[in-house]
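Student: I am attaching a structure below and will ask some questions about it afterwards.
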């Protein structure tokens, strides 16, 4: 950290906060303060310059028009890329995830350049939108199972510098190879709303630990209940179709908190 106070920059929440993604900032602040760490959330408005000195940057989801508007205000700035290069953590959801890549395709079939922070190229999923609960096992990070919900038409093709965040059990995710999300250096991208950092406390702690180092234990019992409830909700359709053991999930259910 650059100062004694942890700073979390919430980037353009007026256009990039679909399905309550601004709650990711609340989750980080809550888990930081639970360890006695000072945490300040900086709301970066659409017409404000993105600061270079934040410790964690958050970008949420947005509709197509909102994503294009955010792109116009981000692409002339180097602050976010420079902060990440200097070691800041970044967590991007859905539209924010696509904006950080090399390029993405809008609903008008036009390919537009992104910020190039992630080695990812996004196109459009064939067929209907990906909508519904997501359940995945983390692979790019050791953060246990992940839950969220998705509502998107984009996919994500990962280049060699990037690795998947998780392997899907339920949902569409990146649309390729049963992968969900991306990890590249100190940046994590995902299609999961929820807000994702409220549902996935170990993922939130990973972002905090990236900038403050090892964290003291912090047991948040309501979050544990939420995680189990959302995992069980995602598994119900699988249980109805075949026994849980045949799906390969029984042992994982017993192991993970």
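Student: If you count, for each residue, the other Cβ atoms within 10 Å and average over each peptide, how do 114-123, 29-38 line up from highest to lowest? Don't jump to the answer; show the numbers that get you there.
Tutor: On the way: 114-123: 21.0, 29-38: 16.5.
Ranked by mean Cβ neighbours within 10 Å, highest first: 114-123, 29-38.
Student: Sticking with this one: Let me check against my output: what whole-number percent is the relative contact order of region 53-176, with C-alpha pairs under 8 Å and at least 6 apart? Can you show the working numbers first?
Tutor: On the way: 233 pairs, mean separation 25.2, N = 124.
Value for region 53-176: 20 percent.
Student: In whole angstrom, note down how far apart the Cα centers of region 162-237 and region 18-66 are.
Tutor: Cα centroid to Cα centroid, the span is 16 Å.
Student: How large is Rg over Rh for the chain, taking Rg from the Cα atoms and Rh as the Kirkwood inverse mean of 1/r across Cα pairs? Could the numbers behind the result be given before it?
Tutor: Details: Rg = 17.5 Å, Rh = 18.3 Å.
Expressed as Rg/Rh, it is 0.95.
Student: With all distinct Cα pairs included, what does the Kirkwood hydrodynamic radius of region 10-132 come out to in Å, to one decimal, could you say?
Tutor: Details: mean 1/r = 0.0665 Å⁻¹.
Computed over Cα pairs of region 10-132, the Kirkwood hydrodynamic radius comes out at 15.0 Å.
Student: Right, something else. I want the antiparallel fraction of DSSP beta bridges within the chain, as a percent rounded to 5.
Tutor: Looking only at bridges with both residues in the chain, the antiparallel portion is about 60 percent.
Throughout, read-outs are computed from the coordinates displayed, never taken from laboratory work. Not measured: the values here are computed from a predicted model. Quick reminder, even Gly has a Cβ in these numbers, built from the backbone with ideal geometry, and neighbours come from all protein chains shown.
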